[in-house]
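For reference, the structure discussed in these notes is given below.
All of the numbers you see were taken from the coordinates with simple rules; none came from a lab. Small disclaimer: the values here were computed from a predicted structure and weren't measured. Note that we place each Cβ from the backbone using ideal geometry, even for glycine, and neighbour counts take in every protein chain shown.
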Amino acid sequence: MKIANEKCDVLVIGSGLGGVRAAIEAKRAGLKTLLVDKSILARASASIYAGSIVVRKPPEYLVKMGLMEPGMDFEEPFDASFQYFVREGARTGGSEFTANQKLAMTVACEMGIRAEELKDFGVEDINSQRWVGPPGLWGRNIMLPLVKYIKKIGVKTREMTMITDLVRQGESIIGAIGFDIRKSQFVSFETKAVVLATGSYAQIYERVYAPIRMTGDGYAMAYRAGAALSDMEMMGFDNWGIAEPDLPQYWIPGSIARTSGVLRNAKGEAFFHRYAQEHGVLGEGATLSFDDNMSKRYGRPFIELVPYLIRASMKEIKEGRGTDDAVFLDLTQVPEEKWKVDSKGIFALNLLRGFDLKNNLLRVAPICIGDFKGGGVKIDEKGRTGLEGLSAAGDVSPGSSMLYALVTGVLSGRSAVTRALDISMPEFDGETRDWVEDRIGVLETILNRKPHESGDPKKIKSRVKSILWRSGGPLRDEDGLKEGIGALEEVEKEFMPMVSASCSFRKLREAVECRNMVQVGQMILPASLYRTESRGYNQRTDHPKRDDKNWLKNTIITQRNDQMNIDAEPVDLLFLKPESMERAGR
């Protein structure tokens, strides 16, 4: 068994916005920096398609016409941004007040200057997702210049190299192991500090719109190394996944035209109209007029309607009033000019070309889109985990947005720099070297194992995705969660020992992703079972209400004696409490 070895001051794992920004921070400090990605640089992350860093404020005339929501004004004082983050949650790692408020405040304070700073790194337009005019360029307008910049300043990069495990010695992370897919070579890395920026875990679900490599690797690696993870039950969904047999399983962007539609069941009933009135969803000034878009129709910002839309749609599907596990979006009465008001509408028209929207209802169903989430590797307001030498950025930590990835990339990079400048290069002791060889040996066994139908990585992935969608999808209950936990245990015991890479390093990547997907699923389902309430993205039909009295808490997952342990910690309501926002009428 040959193991190539490489040393660096800072090792960054993942090349999305958080990882690339952390690498810039480390290199600007004069440190030898290595950025590693299991795919092509930046191309497999959510950042490449996620949109702009800062969305321009919509034109005032469109707001007055009721065609657009005012949106979030990033020119307002930072405390307004902070309150938005805590209320809306997922952007900074929480769901309805479970966010780390110190971290949310840090993001609110730093986001403006960090966004403007990107212009120094070659990003020409931080507002690349436009309201009007031609469609935006999405994240590639940001990510590709940043990748070019890190190469220019001397950050060393390795593509197609999968990190499988972090190397822990004592209480510190001092390296990592993995394999180079192109060179068909096992690799170990020795380093002073690691930044984990591996992205989300959306691909563990059957209905998903997210990069195919988004399999939760960083969560599983951090867990195995002994780091804490918080609120893993808070995986988000959106209601607007296409479910037409002849169209791609894709998410329809939130254009004004889309939000002017009407949700109907198989009987043609406008079910959300009824649901909103019966379940206290309506906000002040709700018109209930189908001539208005949904925000005006129901009197609440559209983002706040999402959990209710999902719950209502899934209820119709589960109770037999859907068709082919879907409900219908009626866009037949939406004027053609409304589709052309904003860039997202133009994009949707292109996406749905060939489908007659004027005469047919569109099948839709909830879908996991990857960048709505509030759980992950627990970090503090400096991007540090509880392990020395390990920080985390972006979607692998408990938050999700381009702004969050940008700021936490800087924070984690700073923490890595502080660590790397403070210590000499660690050396693997004898016990650590034996552990590295043992872990590489396990990979080699999987690589050389003879193919078997039960050990086909693609089939195992499909099984896991089905289990998670059925048991840990948009709506959950105790029986379903327990069933899913048992089904994942069966996969772990009966199928994973037979997983085979058929002598292919590309298939070895698939096999390792299987292991990580199973482990992440084994965090999500028990955490959701543990939280006996509905809050944000954790929607329990058997506990349908939010319970601030008992559950203003973060669920915390750690590994103890090779067993998964779940605890709850009270949320630190340092700056803002739920009742203060309710008194303010927000």
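Observations
- Tilt relative to the chain, helix 101-117 - C-alpha long axis, 0 to 90 degrees, to 10: 90 degrees
- Shape of the range 383-486, Cα gyration tensor, a/c cut at 1.5: oblate
- Distance between the pseudo-spin-label points of Lys340 and Lys102 (7 Å out from Cα toward the beta carbon): 5.4 nm.
- Cα centre as origin, Lys/Arg/Asp/Glu Cβ charges: the range 189-325 dipole, Debye: 120 debye
- Taking amide hydrogens as placed 1.01 Å from N in the peptide plane, the amide H of Gln185 sits under 5 Å from those of Asp180, each at least 5 positions away in sequence or on another chain.
- Projecting the Cα positions of Gly455, Leu552, Gly486 onto the charge dipole of the chain (unit charges on Cβ atoms of Lys, Arg, Asp and Glu, taken about the Cα centre) puts Gly455 furthest along the positive direction.
- Summed over qualifying helices (DSSP H, 4 residues or more, each -39500 (n - 2.57)) and divided by its residue number, the chain shows a 222 nm mean residue ellipticity of -11500 deg cm²/dmol.
- Packing rank of 276-285, 392-401, 22-31, 517-526, where each peptide gets the mean count of other beta carbons within 10 Å, highest leading: 392-401, 517-526, 22-31, 276-285
- Dividing the radius of gyration of the alpha carbons in the chain by their Kirkwood radius gives 0.96 for Rg/Rh.
- Charging the Cβ of each Asp and Glu at -1 and of each Lys and Arg at +1, and nothing else, the dipole of the chain about its Cα centre rounds to 1240 debye.
- Residue-wise HN-Hα coupling along the range 375-392, computed from phi with Karplus coefficients 6.51, -1.76, 1.60 (Hz; x: Gly, Pro): x, x, 5, 5, 10, 9, 6, 10, x, 8, 8, x, 9, 4, x, 10, 10, 8
- Cross-link pairs beyond the 32 Å C-alpha cut-off, checked among Lys358/Lys459; Lys373/Lys459; Lys192/Lys344; Lys378/Lys507; Lys378/Lys545; Lys156/Lys465: Lys358/Lys459; Lys192/Lys344; Lys156/Lys465
- Assuming charge only on the beta carbon of Lys and Arg (+1) and of Asp and Glu (-1), the dipole of the range 496-584 about its Cα centre is about 260 debye to the nearest 20.
- Ordering of 289-296, 403-410 by packing [mean C-beta count within 10 Å, highest first]: 403-410, 289-296
- Shape category assigned to the range 167-234 from the gyration tensor of Cα positions, a/c cut at 1.5: oblate
- Each residue of the range 466-481 was assigned a 3J(HN,Hα) from its phi angle through the Karplus curve 6.51 cos²θ - 1.76 cosθ + 1.60 (θ = phi - 60°); the sequence is 5, 4, 5, 5, 5, 9, x, x, x, 10, 9, 8, 4, 4, x, 5 Hz, with glycine and proline shown as x.
- Using alpha-carbon coordinates, inclination of helix 505-530 to the longest axis of the chain, degrees: 60 degrees
- Distance between the range 394-411 and the range 432-478 - C-alpha centres, whole angstrom: 27 Å
- In straight-distance terms, cross-link reach from Lys338 covers every one of the aspartates and glutamates whose alpha-carbon lies under 18 Å from its own, apart from those fewer than eight places away in the same chain; here that gives Glu60, Glu69, Asp291, Asp292, Asp330, Asp356.
- Most positive-pole-ward Cα, Val262, Ala312, Pro301, against dipole of the range 246-357 from beta carbon charges: Pro301
- When the charge dipole of the range 206-332 is built from unit charges on Cβ atoms (+1 for Lys and Arg, -1 for Asp and Glu) and taken about the Cα centre, the candidate among Ala243, Phe290, Thr332 whose Cα reaches farthest toward its positive end is Phe290.
- Prolate/oblate/rounded label for the range 406-448 (Cα gyration tensor, a/c 1.5): oblate
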